């Protein structure tokens, strides 16, 4: 309950900019001491700032700006994709969340007790505050723009893991050419994730269907399920079904 309340507090501060401890205590019908504990946890994660009996949503950082730009007009669709994908996580699952804005939407919607492995700094920031979720981060070099951890350290961390599910992102999603990305370092980490997951769930906005990027890191025989939005064409859905990929529309 406390983690859900803290998520709601974070969203409220995003909307209002700042709120007092008294206002939050009245809104959630809990004690001021409880709210102070919530704010202390959120501040420790760098999600808010505390000041003289009130909480403040911090100025937008470069990371926030870049991620918001990536979400763009597809923000609502990605949020729905994330909500649907999160329902596929069972209690006590071990899952991998790939870096990306759509997998970040999965993280925002995830409240099931589970173990999460990720190479995404934003995803770790979202889930690190949820008591029922254990988060493990790969090491590695931080990529500008995506804030993904890549390189030999990230790949080495993944070796030997046995994940129940992988929630995978891709920049390019093409019926003929498979899944691709524009960066080789990220591509290598994605391939390492694919090697250790029992089930692969691709989360992708329908606008990506048809795109091809620099390097193909997987073909459709590696994917069990695609979670996308209702913009997917009937022809593409039939083509994916014919390749054995289950399609879920948010």
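When the chain is modelled as a GNM with alpha-carbon springs shorter than 10 Å, which of 15, 238, 77 fluctuates the most? Most flexible of the set in this elastic network: 15. Between the Cα long axis of helix 75-86 and the first principal axis of the chain there is an angle of about 80°, rounded to the nearest 10. Residues 193, 184 in ascending order of nearby Cβ atoms (within 10 Å, fewest first): 184, 193.
A Förster radius of 25 Å combined with the Cβ-Cβ distance from residue 136 to residue 4 puts the calculated FRET efficiency at roughly 0.65. Applying 1/(1 + (r/R0)^6) with r as the Cβ-Cβ distance of residue 37 and residue 92 and R0 = 35 angstrom yields a FRET efficiency of 0.85. For the chain, the longest principal axis of the Cα atoms and the long axis of helix 62-71 meet at an angle of about 50 degrees.
Only helices enter the 222 nm calculation for the chain: every DSSP H run of n ≥ 4 contributes -39,500 (n - 2.57), and dividing by all residues gives -12000 deg cm²/dmol, rounded to 500.
For a test of the definition: using alpha carbon positions, the gyration tensor, and the 1.5 limit on a/c, classify the range 2-56 as rounded, prolate or oblate. Since a/c stays below 1.5, the shape of the range 2-56 is classed as rounded. Across the range 187-250, Cα-Cα distances exceeding 13 Å account for 65% of all pairs. Among 209, 56, sorting on how many other beta-carbon atoms sit within 10 Å of each Cβ, with the fewest leading, yields 56, 209. Under the rule a/c < 1.5 gives rounded, and otherwise a/b versus b/c splits prolate from oblate, where does the chain land using the Cα gyration tensor? Verdict is prolate for the chain. If you run the Gaussian network model on the chain, springs between alpha carbon atoms under 10 Å, then out of 180, 206, 156 the most flexible one is 156. For the residues 201, 123, 175, a GNM of the chain with alpha-carbon springs under 10 Å puts the largest fluctuation on 175. Segment residue 214..residue 238, full-extension length gain: 6.0 nm, with 0.36 nm per residue of separation and the alpha-carbon distance subtracted. For the range 64-249, DSSP calls about 25 percent of its internal beta bridges antiparallel.
Where a number appears in this text, it was derived from the coordinates with a stated rule and is not lab data. Bear in mind that the values here come from a model prediction, so they are computed numbers and not experimental data. We place every Cβ from the backbone using ideal geometry, glycine too, and count neighbours over all the protein chains shown.
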